[in-house]
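What follows is a single structure, written as structure tokens, with notes after it.
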Amino acid sequence: MTEPEEILRDSPVDFDSAVAYALHPEMRRLLILYVAGTALLPVGLAAFLDPPFVGFIFEVVVRLIGLVLTVVAAAFLFGGVVGGAFKVVTDANILAKEY
């Protein structure tokens, strides 16, 4: 079995190309989605699970806003993670076919 050090030494990828790949516009959008989802999910969950009690109508409105924010943030979070992983795997398969 090939050792990881040998694979890394013989790899066609260097540091500059790895940084360029991570900063590519498609990957940057996926990373921004992931960060936005990570930042918004706790806010939405806090508004949904523990709204301030000022009045019944206000509490229901805050819970609905929190629910919508939680669903959107979860979609951003998982979309960024799954999209980023899918892009890395498909690009690695394309690179593997070339070599």
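Listed by first and then second residue, the pairs with beta-carbon distance under 8 Å, at least 6 apart or on different chains, first residue in region 74-99 and more than 24 Å from T38 (Cα to Cα), second exposed (fewer than 10 other Cβ atoms within 10 Å of the Cβ) and at pLDDT below 90, are L95/P12; Y99/P12.
Of the residues making up region 73-99, those that are surrounded by fewer than 12 Cβ atoms within 10 Å (Cβ to Cβ) and either part of a helix (DSSP H, G or I) or in contact with a Lys or Arg (Cβ under 9 Å, 6 or more places away or on another chain) (or both) are A85, F86, V89, T90, A92, N93, I94, A96, K97, E98. Scanning region 34-57 for residues that are modelled with pLDDT under 90 and assigned to a helix (DSSP H, G or I) yields F56, I57. Just one of the numbered conditions (1) assigned to a helix (DSSP H, G or I); (2) without any contact (Cβ under 8 Å) to a residue 40 or more places away in the chain is not true of L31: (2).
Just to verify a result, which residue in region 27-66, among those that are of a type in the set (F, W, Y) and surrounded by 12 or more Cβ atoms within 10 Å (Cβ to Cβ), is farthest from the chain's Cα centre (by Cα)? The residue in question is F58.
The values are calculated or read from the model by the stated rules, or taken from the named source; none is laboratory data. If you're wondering where the values come from, they're calculated on a predicted model, not measured in any experiment. Every residue, glycine as well, gets a Cβ built from its backbone with ideal geometry; the counts of neighbours run over all protein chains shown.
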